[in-house]
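The structure appears below as structure tokens.
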Amino acid sequence: MGRDVFYLTTPIYYPNDVPHIGHAYDAVAADVIARYHRLAGEEVFHLTGTDEHGLKLQRAAEAAGKDPQVWVDEMEPRWREVWSRLDIAYDDYIRTTEPRHHAAVEKLLRAVYENGRDDVYLDHYEGLYCVACEAYYVEADLVDGLCPIHARPVELFREENYFFRLSAYRDRLLEHYTANPLAVQPEARRNEVLSTIRGGLQDFSISRTSFQWGIPLPWDPKHITYVWFDALTNYITAAGYADDPERFARLWPANVHVIGKDILRFHAIYWPAMLMAAGLEPPMQVWAHGFLTVGGQKMSKTNATGIHPFELLDHFGVDSYRYYFMREIQFGQDGNFSWESMVERHNADLANGLGNLASRVLAMLASYFDGRVPEPFAEVESDLPAVAADAASRFRSHMESVAPTQAIAAVWEIVTRANQYLVEREPWKVAGEADRRTELGGILYAAAEALRILAVLISPVMPGAAGRLWSQLGIEEPLSSQRLPEAAEWGRLRPGITTSRGEPLFPRLES
Ligand code: ME8
């Protein structure tokens, strides 16, 4: 495999509306994983973007009385604006209306159409279509006659479509997933995919004739490319499939597509089969997270549960926001958002936990040592270095396996142990005894060193707070130059540097 870059993607979002915290959830998760890999010294390519074609977009534009292109041009910046406030550091942003994408979709379509195996054929189709999903359903899929995902009425469509012979890929997909047990995660989702494939696959249509907004098939332009065929292709467009073979060889296959569980079938069945049909490798991993609810309910505009990220960002700030969703909701499972739990996490883990640790240590350094980091003192025995080393190593292995919730929990063992350590050692009492000055220095060195390691380890999750803590510690080398595992090794904090107290990292919030 020619790949030497960690290539990670988010889904591309439909800009028919503004984002809610469910969309932001996978954007934040992907950013945390991407930042972790940069911290581990890897070259990272983190892709996100917007899925701008299809019937759903065409109808949203019509409802707004606008041309679809004008509409998506207006809507797309409202997504980027949210990613910017969420500190999402993507390396590329793809819009499916861009010429580079048009070229890649045409190239992929042709590769599949002309592969000599008759994988694309023309047929008539009559079926039940959910425009919100942009997908067909059979009667048995429906719940009370409604779309199983959106609980909305489906529409009967009858069209001439080109079909992709997905049914022919059953055995190859099974072989792929047997040979690559981690290719779909978590385990429950892998089992779901395997049982769908074993149950037999239906061919799916890859073109539409009932509307115009999309990319025409190169061999029959009255057909518009099915929006999912179009959208999935974004992952290879941005890797240079149509215009940069060298770059494509370095980037493809992607290491991980981070997605929500509702779009698993497209990513873990359609997409690998499409790639196989074109002679390309499937992605190395598809990681499907769970669904967020608000007050136990599906998020939607109509029941006021479609919370815009700004509502929370204005109140909690970006670091607390990112922390909450990654820590409170077990990544991979469904979870419920509530204001109460968010305030609770903020106050308990951030304000009282990490924030309090930092302000106590920095205040004592200021009062007893003029802010200077004292010398370590071997006689001050403590298990803090061992706790930190163990937590850092578990943090890394959890991040490597896309388990941010467990990774953060490991880091918080350092916070808890360091706060206990201060309580046990009572530096404020030691400070009263003139002959225990070296010991006092040793205690505060250890606590400050724990803070330094914490700043490094929290940086993928809370880049802003990590940066502020880092500058309060007065370390000269930029935080962005730190690399794991070395940066988490105990004893790298240099005695003599000048710390400063600064503002509290996480001011307490009223509930
Ligand atoms: O599906 N909780 O776009 P999208 C968690 N354009 N995640 C949620 C969520 C919730 N309540 N609601 C939405 C699409 N999401 C396609 C993708 S990729 C080639 C094309 C997640 O804007 C959802 O699971 O409807 C999905 O991963 C993402 O938001 C985009 O949803």
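Can you tell me which of (1) outside any strand (DSSP E or B); (2) touching a strand residue (DSSP E or B) at 6+ places or on another chain (Cβ under 8 Å); (3) within 13 Å of the ligand (Cβ to nearest atom) is the one Ile236 doesn't meet?
(2)
Just to be sure, is Arg265 in contact (Cβ under 8 Å) with a residue 12 or more places away in the chain, more than 9 Å from the ligand (Cβ to nearest atom), closer than 13 Å to Ala288 by Cα and open to solvent by 10 Å² or more (accessible area, probe 1.4 Å)?
Criteria met by Arg265.
Please specify each residue of the stretch 126-156 satisfying the condition of being open to solvent by 30 Å² or more (accessible area, probe 1.4 Å), in contact with a strand residue (DSSP E or B) (Cβ under 8 Å, 6 or more places away or on another chain) and not in a loop (DSSP other than H, G, I, E, B).
Glu126, Leu128, Tyr136, Glu139, Leu146, Pro153, Glu155, Leu156, listed by residue number.
List the helices (runs of 4 or more DSSP H) inside the stretch 1-109, counting only whole elements, that have at least 3 residues being within 14 Å of the ligand (Cβ to nearest atom) and surrounded by 23 or more Cβ atoms within 10 Å (Cβ to Cβ).
In the stretch 1-109, the matching helices (runs of 4 or more DSSP H) lie at 21-39.
Can you name the residue in the stretch 239-251 that is more than 15 Å from the ligand (Cβ to nearest atom) and assigned to a loop (DSSP other than H, G, I, E, B) and is also nearest to Leu55 (Cα to Cα) among such residues?
Ala242
Give the residue, chosen from Gly295, Gly306, that is free of Cβ contacts under 8 Å to residues at least 60 places away in the same chain, within 15 Å of the ligand (Cβ to nearest atom) and open to solvent by 10 Å² or more (accessible area, probe 1.4 Å).
Gly295
Can you pull out every residue in the stretch 171-223 that is hydroxyl-bearing (Ser, Thr, Tyr), touching a residue at least 40 places away in the same chain (Cβ under 8 Å) and open to solvent by 20 Å² or more (accessible area, probe 1.4 Å)?
Thr196, Thr209, Ser210
Return the pair list, or none, for Cβ contacts closer than 9 Å from residues in the stretch 334-359 that are without any contact (Cβ under 8 Å) to a residue 12 or more places away in the chain and more than 17 Å from Ala466 (Cα to Cα) to residues that are in a loop (DSSP other than H, G, I, E, B) and among the polar types (S, T, N, Q), at least 6 apart or on different chains.
Sorted first by the residue in the stretch 334-359, then by its partner, the pairs are Trp339/Ser511.
Would you say Ala431 is open to solvent by less than 10 Å² (accessible area, probe 1.4 Å) and of a type in the set (A, V, I, L, M)?
No: the conditions fail for Ala431.
Restricting to the stretch 110-125, name every residue that is open to solvent by 70 Å² or more (accessible area, probe 1.4 Å), of a type in the set (Ser, Thr, Tyr) and over 18 Å from Pro272 (Cα atoms).
Result: no residue meets the conditions.
With (1) touching a residue at least 40 places away in the same chain (Cβ under 8 Å); (2) surrounded by fewer than 19 Cβ atoms within 10 Å (Cβ to Cβ) as the list, and Ser481 as the residue in question, which single condition is left unmet?
(1)
The values are calculated or read from the model by the stated rules, or taken from the named source; none is laboratory data. It should be emphasised that the depicted structure is a prediction, and the values quoted were computed from it without experimental measurement. Glycine also receives a Cβ, built like all others from the backbone with ideal geometry; neighbour counts cover every protein chain displayed. With ligands, DNA and RNA removed, areas are computed over all heavy atoms of the protein, side chains included. Shrake-Rupley method; radii C 1.70, N 1.55, O 1.52, S 1.80 Å.
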